[in-house]
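Scroll down for the structure; my scribbles are underneath it.
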Amino acid sequence: MRKITISIFAAAILLMGIGVWRNEAAVVLSKGINICLECVGIG
Amino acid sequence: MDKKKKQNRWKIQLAATLATNPFLGNFLGGKIYKGNLKSLCVPGLNCYSCPGAAGSCPIGSLQAVIGSSKYQFSYYVVGFLIFVGVLLGRLVCGFLCPFGWFQELLHKIPSKKFSTKPFRILTKVKYIILLLFVLILPITVVNEIGMGDPFFCKYICPAGILEGGIPLAIADSGIRASLGWLFSWKSCILLAVILLSVFFYRPFCKWICPLGAFYSLFNRISVYRLEVDQQKCTSCKACSHVCKMDVEVYKTPNHPECIRCGDCVRACPHHAICRTFCMKASERKEKAGCEK
């Protein structure tokens, strides 16, 4: 396996893990379950 | 060209669109799905305010996290994007993105088609949009409690209007009554993208999409990639002539603009281009000896 690819894969998984640990997924969920006023053009 | 193989891509695009937007009944009620799946990102550009959406748009999520008062960077979303990018590169654009497929369908409308090669410089614009509207502005332009707007979603993204704004406004009179100049502005962008898509191939993907810009950074190193067997290649340029993303495939098969649609693979008269999905360099070389 190419070291660079594996390293980036590992870094990506580590980053996701840190993000979950920091509870960032809750922010994503909170934004996702409410209508995004900016997205739909209300502002 | 192998028509059977070509037909398969739209089936995957349709399946990906339905998998991303399985809650079709919500279109009638003007509601959005509010379950826990929304904490997960989908690989393509698909507005999380689309009534059918099961997951969250990665670009919207990235701006939501870095624009919140609590965080300045999103490890979660960036990690996800890097993971998908290294695994698939811009295959996501060619196979899994609903908005990319939408543009492709528009391009099938019979009309005179124009090359985007003269506008190649515009492919750099999407990187500026990624940096400025997705990363810099949501972090730096904040209100009194430290929250930044999702600038790309708010001022540019036509997918939000197509998938979220229009269906919700049709079904919900309250939303319809709230629409103002921002809806008009973004509708103009959507209309421009629709018109351009009829005459040019995937203009939004080529010039504007920050998600495509991000994934393109990984095209050269992604696990899924194209390989050219130099022993078979005669540099006849048949691959370049069919490439609608303006890539000279025989020279740079993993160019940042390549969306892995596979047109070049089918067009090559010498079967010199093939798709590989492996991380071992030695294995790649073996697989590059493409089968007929």
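The values are calculated or read from the model by the stated rules, or taken from the named source; none is laboratory data. For clarity, every value in this text was computed on a predicted model and none was experimentally measured. Note: ideal-geometry Cβ built from the backbone for every residue, glycine included; neighbour counts use all protein chains shown. The accessibility values were calculated without ligands, DNA or RNA, using every heavy atom of the protein model including side chains. Shrake-Rupley method; radii C 1.70, N 1.55, O 1.52, S 1.80 Å.
Hey, any hits in the stretch B:114-122 for a residue that's within 14 Å of chain A (Cβ to nearest Cβ), within 21 Å of B:LEU211 (Cβ to Cβ) and open to solvent by 30 Å² or more (accessible area, probe 1.4 Å)?
Start the filter on the stretch B:114-122 by keeping residues that are within 14 Å of chain A (Cβ to nearest Cβ), which leaves none.
Within the stretch B:114-122 (the criterion being within 14 Å of chain A (Cβ to nearest Cβ), within 21 Å of B:LEU211 (Cβ to Cβ) and open to solvent by 30 Å² or more (accessible area, probe 1.4 Å)), the answer is no, since none of the residues qualifies.
Looking at B:ASN26, B:ASN36 in this structure, which one is facing chain A (nearest Cβ under 9 Å) and of a type in the set (S, T, N, Q)?
Criteria check complete, one pass: B:ASN36.
Take the conditions modelled with pLDDT of 95 or more and in contact with a Gly (Cβ under 9 Å, 6 or more places away or on another chain) and apply them to B:PHE114. Does it pass? It would help to see each step written out before you state the result.
On the way: modelled with pLDDT of 95 or more: yes; in contact with a Gly (Cβ under 9 Å, 6 or more places away or on another chain): no.
In short, no.
Looking at the stretch B:58-75 only, could you name the residues that are facing chain A (nearest Cβ under 8 Å), of a type outside the set (S, T, N, Q) and touching a residue at least 24 places away in the same chain (Cβ under 8 Å)? Give the derivation first.
So in the stretch B:58-75, the residues facing chain A (nearest Cβ under 8 Å) come out as B:60-61, B:64-65, B:68, B:70-71, B:74-75.
Subset that is of a type outside the set (S, T, N, Q): B:60, B:64-65, B:70-71, B:75.
Within the stretch B:58-75, B:GLY60, B:ALA64 qualify.
Assuming B:LEU45 fulfils every condition listed in (1) in contact (Cβ under 8 Å) with a residue 24 or more places away in the chain; (2) of a type outside the set (Gly, Ala, Ser); (3) over 16 Å from B:PHE152 (Cβ atoms); (4) surrounded by 14 or more Cβ atoms within 10 Å (Cβ to Cβ) apart from one, which condition is it?
(3)
I'd like to verify a number: residues in the stretch B:208-217 that are open to solvent by 30 Å² or more (accessible area, probe 1.4 Å) and over 16 Å from B:PHE80 (Cβ atoms), how many?
Total meeting the criteria: 1.
Could you please let me know if B:SER69 is closer than 27 Å to B:GLY146 by Cα, more than 19 Å from the chain's Cα centre (by Cα) and open to solvent by 40 Å² or more (accessible area, probe 1.4 Å)? Write out each step before concluding.
On the way: closer than 27 Å to B:GLY146 by Cα: yes; more than 19 Å from the chain's Cα centre (by Cα): yes; open to solvent by 40 Å² or more (accessible area, probe 1.4 Å): yes.
Considered against the rule, which asks whether it is closer than 27 Å to B:GLY146 by Cα, more than 19 Å from the chain's Cα centre (by Cα) and open to solvent by 40 Å² or more (accessible area, probe 1.4 Å), B:SER69 comes out as yes.
For the stretch B:152-162, give me each residue that is surrounded by 23 or more Cβ atoms within 10 Å (Cβ to Cβ) and either aliphatic (A, V, I, L, M) or facing chain A (nearest Cβ under 9 Å) (or both). Show your work before the answer.
Of the residues in the stretch B:152-162, the ones surrounded by 23 or more Cβ atoms within 10 Å (Cβ to Cβ) are B:152-154, B:157-161.
Residues satisfying the conditions are B:CYS153, B:LYS154, B:CYS157, B:ALA159, B:GLY160, B:ILE161.
Under 6 Å by Cβ, and 6 or more places apart or on different chains, what pairs join a residue from the stretch B:163-177 that is at the interface with chain A (Cβ under 9 Å from one of its Cβ atoms) with one that is surrounded by 21 or more Cβ atoms within 10 Å (Cβ to Cβ) and of a type in the set (Ser, Thr, Tyr)?
Taking only residues 6 or more apart or on different chains, the pairs are B:GLY164/B:SER49.
The rows are residues; the columns are (1) modelled with pLDDT under 95; (2) out of contact with any helix residue (DSSP H, G or I) (no Cβ under 8 Å at 6 or more places or on another chain).
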site: B:ALA19; (1), (2): no, yes
site: B:ASN26; (1), (2): no, yes
site: B:LYS34; (1), (2): no, no
site: B:CYS41; (1), (2): no, no
site: B:GLY55; (1), (2): no, no
site: B:SER61; (1), (2): no, no
site: B:LYS70; (1), (2): yes, no
site: B:GLY79; (1), (2): no, no
site: B:ILE82; (1), (2): no, no
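Within the stretch A:15-37, how many residues turn out to be farther than 19 Å from B:GLY55 by Cβ and within 7 Å of another protein chain (Cβ to nearest Cβ)?
So the answer is 2.
Residues to consider are B:PHE95, B:PHE83, B:PHE99; find the one that is within 14 Å of chain A (Cβ to nearest Cβ), within 20 Å of the chain's Cα centre (by Cα), open to solvent by 10 Å² or more (accessible area, probe 1.4 Å) and within 22 Å of B:ILE259 (Cα to Cα). Let's see the steps before the verdict.
Details: B:PHE95 fails: within 14 Å of chain A (Cβ to nearest Cβ); B:PHE99 fails: open to solvent by 10 Å² or more (accessible area, probe 1.4 Å).
None of the other options fit; the residue is B:PHE83.
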